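Notes follow once the structure below has been shown.
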Amino acid sequence: MVYNLTVSPDFSPEHIAGWYVFNTWLQRKLGYRIHVDLYDDFETQRQAIADGKIDIVFANPFDAAMLVRDKGFTAVATAEGQRDEVVIAVAADSPVRRVEDLQPGVRIAKTQDPDINLIGMILLEPADLSLENTVAQAASTYVLVAKHLIQGRADIGFFLKEAFYDLSQVIRKNLRVLVTSEIHVVRHALLVGPRFAEHGESLRRLLLGMPGDLPQGPGVLESLGFSGWESLGEEDTQFMIDLMDTLQE
Amino acid sequence: MDDMHPSQLAGTDYREYTLTYFEGFSRRVLVLDIEKSYPDGKLIVSRTDTKGIITHANQAFVEMSGYSEAELIGQPHSILRHPDMPAIAFKDVWDTLAQGKKWKGYVKNLRKDGAYYWVFASAVPNVRNGVVEGYTSVRRKPSRKRVNECVPLYAELRAKETGHGL
Ligand SMILES: Cc1cc2nc3c(=O)[nH]c(=O)nc-3n(C[C@H](O)[C@H](O)[C@H](O)COP(=O)(O)O)c2cc1C
């Protein structure tokens, strides 16, 4: 049997190779064949999941809700210390000082990342802004979100906090943070589907032992950009999903 | 729940009310006309059991309510009830959750120090293996315009309930 592994399309581009390295390590450790399938966008990935093609997924918290509640996936682990927080930024010379200064018609540069866009819109509610009275400026990467701001094609931009602080100094010098979310609960998670469920526990043990798995473990983690994995239990997962649920329409 | 005392307040110019709760007991609350503004970017999160007893409160909840975590856990959620809130709003919360649905609305909450804070709140049932085990509520910074619309509406509902005015 061959299993399929996929990664939320919002992973940072510099870690694509890392997921292949991870998969090679994983197959050797588990002794099963696993194939990596990466999708360019959330829609295609969701379709593949709906078609039952995916067994292991590093999922966006937005999708995790659907996977756990509707598709019988269970959470195994999450990247140590990582949380999905949002930065809303403006161009450094923007007259906007606080969220409440924003007016209807504001142009928002954003990626497709669903949880970042959801949280971003929530941070705009104090200014009475919603999808109905704002204009989206689509960008395929966070660097392009920054470009929209700097070149004046958008008034504010939604960033995954990590991606914002990964921007080069030169770019960041031209931007200013308007607000940063402090939610602490929302994060990506590695989930396994029903066909892989019986191996979930051994996968969890492997991941938690990765930093000490010499010689390869630490290097593989580094190529993913993680310091390690944290176990994610059933109730913690359900809590995160309940929280995401309260934030949706 | 203990009665409030002037010594715990952030000011001296307070009004006094006696609230009677759904469960039948009463509590003396003291309120000040001081608003504590909602912190940017944060969510206030709490969970309760099926009776509305607080089982979890995050750091933002502790900061905004003025109570310590130890003071909150095990207390009814109505420890935050402000006398300006109409009872019918909370009846709607419980009726909606009982139907397994999500509730959303604007709420004025009472702090331990007598000041108040407005939130846009949302609550969902926590369903585990088909059984409702409790509720989660998440509050965010509200739109001032919406809050200003709620103030006269709640005052009117409140006046009807207490039989004063109108
Ligand atoms: C998850 C959840 C969160 C609640 N949050 C609040 C709150 O923040 N403030 C509040 O006054 N009541 C809140 N309530 C409603 C209280 O349980 C209670 O109904 C209300 O304070 C009115 O008191 P009474 O029902 O005893 O009359 C919440 C209820 C639930 C289930």
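If you go through the range A:54-73 and keep only what is within 13 Å of chain B (Cβ to nearest Cβ) and either among the hydrophobic types (A, V, I, L, M, F, W, C) or in contact with a helix residue (DSSP H, G or I) (Cβ under 6 Å, 6 or more places away or on another chain) (or both), you end up with A:65, A:68, A:72.
Just checking, does the range B:88-111 include any residue being within 13 Å of the ligand (Cβ to nearest atom), small (Gly, Ala, Ser), in contact with a Lys or Arg (Cβ under 8 Å, 6 or more places away or on another chain) and in a strand (DSSP E or B)? No - not one qualifying residue is present in the range B:88-111.
Of the strands (runs of 3 or more DSSP E) lying entirely inside the range B:5-85, the ones with 1 or more residues being within 14 Å of chain A (Cβ to nearest Cβ), of a type in the set (Val, Ile, Thr) and near the ligand (Cβ under 9 Å from one of its atoms) are found at B:44-48. Residue pairs whose Cβ atoms lie under 7 Å apart, separated by 6 or more positions or on different chains, with the first residue in the range B:29-51 and farther than 20 Å from residue B:113 by Cα and the second of a type in the set (Ser, Thr, Tyr) and within 16 Å of the ligand (Cβ to nearest atom), are B:47/B:55; B:47/B:135; B:47/B:136; B:48/B:55; B:48/B:135; B:49/B:55. All of A:149, A:144 fail the test of being open to solvent by less than 10 Å² (accessible area, probe 1.4 Å) and outside the structural domain of residue A:240 (by TED's automatic domain parsing), apart from A:149. Taken together, the residues in the range A:1-22 that are over 19 Å from residue A:67 (Cβ atoms) and either polar (S, T, N, Q) or touching a Pro at 6+ places or on another chain (Cβ under 8 Å) (or both) amount to 1.
Take the residues in the range B:1-35 that are open to solvent by 80 Å² or more (accessible area, probe 1.4 Å) and within 27 Å of residue B:140 (Cβ to Cβ); name whichever of them is modelled with the highest pLDDT. Across the range B:1-35, the extreme among qualifying residues is B:33. Count of the range B:127-139 residues, restricted to those that are in a strand (DSSP E or B), open to solvent by 10 Å² or more (accessible area, probe 1.4 Å) and either within 15 Å of the ligand (Cβ to nearest atom) or more than 9 Å from every other protein chain (Cβ to nearest Cβ) (or both), is 7. Is it the case that the range B:150-157 has a residue that's assigned to a strand (DSSP E or B) and either farther than 29 Å from residue A:103 by Cα or open to solvent by 10 Å² or more (accessible area, probe 1.4 Å) (or both)? Among the residues of the range B:150-157, not one is assigned to a strand (DSSP E or B) and either farther than 29 Å from residue A:103 by Cα or open to solvent by 10 Å² or more (accessible area, probe 1.4 Å) (or both), which makes the answer no.
The values are calculated or read from the model by the stated rules, or taken from the named source; none is laboratory data. These figures come from a predicted structure and were not determined experimentally. Ideal geometry is used to build each Cβ from the backbone, glycine not excepted, and the neighbour counts take in all protein chains shown. Accessible surface areas use protein heavy atoms only, side chains included; no ligands, DNA or RNA. Shrake-Rupley method; radii C 1.70, N 1.55, O 1.52, S 1.80 Å.
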